[in-house]
Amino acid sequence: MEKDITILGLESSCDETAASVVVNGRTLLSNEISSQIDIHTLYGGVVPEIASRKHVERVNQVIEKALSDAGKTLDDLDGIAVTYGPGLVGALLVGVSAAKAIAWARGIPLIGVHHIEGHISANFLAYPELEPPFICLVVSGGHTHLVIVRDYGEYEILGRTEDDAAGEAFDKVARAVGLGYPGGPKIDKAAREGNPLAIPFPQGKVRGNAYDFSFSGLKSSVLNYLNTEQMAGREVNVPNLAASFQKAVVDVLVGHAMEAVDTYHYQKFAIAGGVASNSALRAAAKEACEKRGVGFYCPPPILCTDNGAMIACAGYYEFMKGTRSGWDLNAVPNLALGSR
Ligand code: KG4
Ligand code: ZN
């Protein structure tokens, strides 16, 4: 029998300090996440300097907790995987520095992981039987990518957002209607009480690539609607607005994704990233896949938002391919998917 490979995954690209121990890329032993949401809520969004400082304060405790929850020590690790981009440079640096220090001190491999590769890999933790190839829609606060996952670590990007990311649109609209930060979960909740057909917001239109997305026009429509209602002295029905905005986003996300599924004839479709925990998106994608007889995969919400487990999983597959980062590994805020 082959030896088990135990990887510690670290994530600190935005406002979560997270560490997790994963065995053989699929077995989750611990998943420690320290969220800074409460602090950033005071400012209506993530403040990069505060994020970096909080990561520094918390990273060691989070790593210790992840190891103790897993019943492991640093001696049991075969490698350390860490998000090195994309993200906030100061935030990324904290995880990268911690990972380097441990890897150097223990003489074990260091593996830099792309944040989006991590999000996609959350599906491997949720579905032990899932293997590439498949199509994956990655929707988070910073990214909106429609990707063909050809193999572990091999991606072809079919489409991406031309402006705002899907999560960013949720956050901006939520702020405009006074729901606060982070907006996604709040819009999701408010939308449950609303009518998605109440306000006909336009779907984002793009000129070139049929798989690209655009959300800034939709965001402007929502802001214009709010303005018009305010000027007319009418009270805005927040649940109806949330449901109608959410429908416009979900329709375009699922529409483009299913166009890709139909065109490329993949039998499996997955979603990933923070917005993949949206209940309307999950329901619409599931229904569209069932209609086509295509397998649908979505990680539980705790693996959709930022976590260390997805980084440990992606790191395991990179480790098995022989990927090793040097001691010069640095934070790359605008790292492109598929680059090393
Ligand atoms: O993946 P993630 O934790 O961090 C990034 O890599 O960006 O995603 C965070 C984003 C935020 O924009 C948040 O509002 C959104 O995911 N989000 C949601 C939901 N939960 C989180 N958006 C819509 N519906 C949700 N239930
Ligand atoms: Zn993320």
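If a/c stays under 1.5 just call it rounded; otherwise compare a/b with b/c (prolate if a/b is bigger, oblate if not). Do that for the stretch 132-298, with a ≥ b ≥ c from the square roots of the Cα gyration tensor eigenvalues.
prolate
Placing unit charges on C-beta atoms (Lys and Arg positive, Asp and Glu negative, everything else neutral), compute the dipole magnitude of the stretch 132-298 about its Cα centre in debye, rounded to 20. Provide the component values of the computation, followed by the final result.
Values: 17 positive and 18 negative charges, 61 e Å.
Here the stretch 132-298 has a charge dipole of around 300 debye.
Show me the ranking of peptides 137-150, 41-54, 234-247, 208-221 by mean Cβ neighbours inside 10 Å, starting with the highest.
137-150, 234-247, 208-221, 41-54
Using the number of other C-beta atoms within 10 angstrom as an exposure proxy, rank Trp104, Trp327 with the fewest first.
Trp327, Trp104
Can you give the relative contact order of the stretch 132-298 as a percent, counting alpha carbon pairs under 8 Å and 6+ residues apart?
27
When Lys and Arg each count +1 and Asp and Glu each count -1, what net charge do the other residues less than 10 Å away from Tyr211, Cβ to Cβ, add up to?
-1
Using helices alone, I'd like the mean residue ellipticity at 222 nm for the chain: each DSSP H run of four-plus residues gives -39500 (n - 2.57), total over residue count, nearest 500.
Only helices count here, giving -14500 deg cm²/dmol.
Looking at the calculated P(r) for the chain, what percent of the C-alpha pair distances fall above 31 Å?
32
Could you line up Glu2, Glu64, Glu117, Glu168 from fewest to most neighbouring Cβ atoms inside 10 Å?
Lowest count first: Glu2, Glu64, Glu168, Glu117.
In the stretch 91-105, whose amide N lies under 16 Å from the spot 7 Å out along Cα-to-Cβ of Ile39? List them in ranges.
91-95
To the nearest 10 degrees, how steep is helix 115-126 against the longest Cα principal axis of the chain, on a 0 to 90 scale?
Computed tilt is about 80 degrees.
Can you list the lysines whose alpha carbon sits under 30 Å from that of Lys72, skipping same-chain ones fewer than 8 residues off?
Here the lysines satisfying the reach criterion relative to Lys72 are Lys3, Lys54, Lys100, Lys321.
Going 7 Å from the Cα of Asp251 in the Cα-to-Cβ direction, what parts of the stretch 196-240 have a backbone nitrogen less than 17 Å from that spot?
196-206, 213-223, 225, 240
Which one, Asn307, Cys136, Thr41, projects farthest toward the positive side of the charge dipole computed for the chain from Cβ point charges (K/R +1, D/E -1)?
Thr41
First check a/c for the stretch 1-159, with a ≥ b ≥ c the square roots of the eigenvalues of its C-alpha gyration tensor; if it is under 1.5, answer rounded, and if not, answer prolate when a/b is larger than b/c or oblate otherwise.
Oblate, because a/c is 1.5 or more while a/b does not exceed b/c.
If a/c stays under 1.5 just call it rounded; otherwise compare a/b with b/c (prolate if a/b is bigger, oblate if not). Do that for the stretch 131-193, with a ≥ b ≥ c from the square roots of the Cα gyration tensor eigenvalues.
The shape class here is prolate.
Can you check what the net charge comes to around Ala242, using other residues whose Cβ is under 12 Å from the Cβ of Ala242 (Lys, Arg +1; Asp, Glu -1)?
+2
In the chain, if the dipole is taken from +1 on Lys/Arg beta carbons and -1 on Asp/Glu beta carbons about the Cα centre, which of Leu10, Val21, Ala169 is farthest to the positive end?
The residue sitting most towards the positive pole is Ala169.
Can you find, among Leu88, Val236, Tyr316, the residue sitting farthest towards the positive end of the charge dipole of the chain, where Lys and Arg contribute +1 and Asp and Glu -1 at Cβ?
After comparing all options, I get Val236.
Can you compute the charge dipole magnitude of the chain about its Cα centre, using +1 on each Lys and Arg Cβ and -1 on each Asp and Glu Cβ, nothing else charged? Give it in debye, rounded to the nearest 20.
Numbers: 29 positive and 38 negative charges, 79 e Å.
It comes to approximately 380 debye.
What is the angle, in °, between the Cα long axis of helix 89-106 and the longest principal axis of the Cα atoms in the chain? Nearest 10 is fine, range 0 to 90.
The two axes meet at around 20 degrees.
Rule-based calculations on the coordinates, nothing more; no lab input. Since the model is a prediction, treat every value here as computed from it, not as a measurement. Don't worry about glycine lacking a Cβ; one is built from the backbone with ideal geometry, like all the others, and counts go over all protein chains shown.
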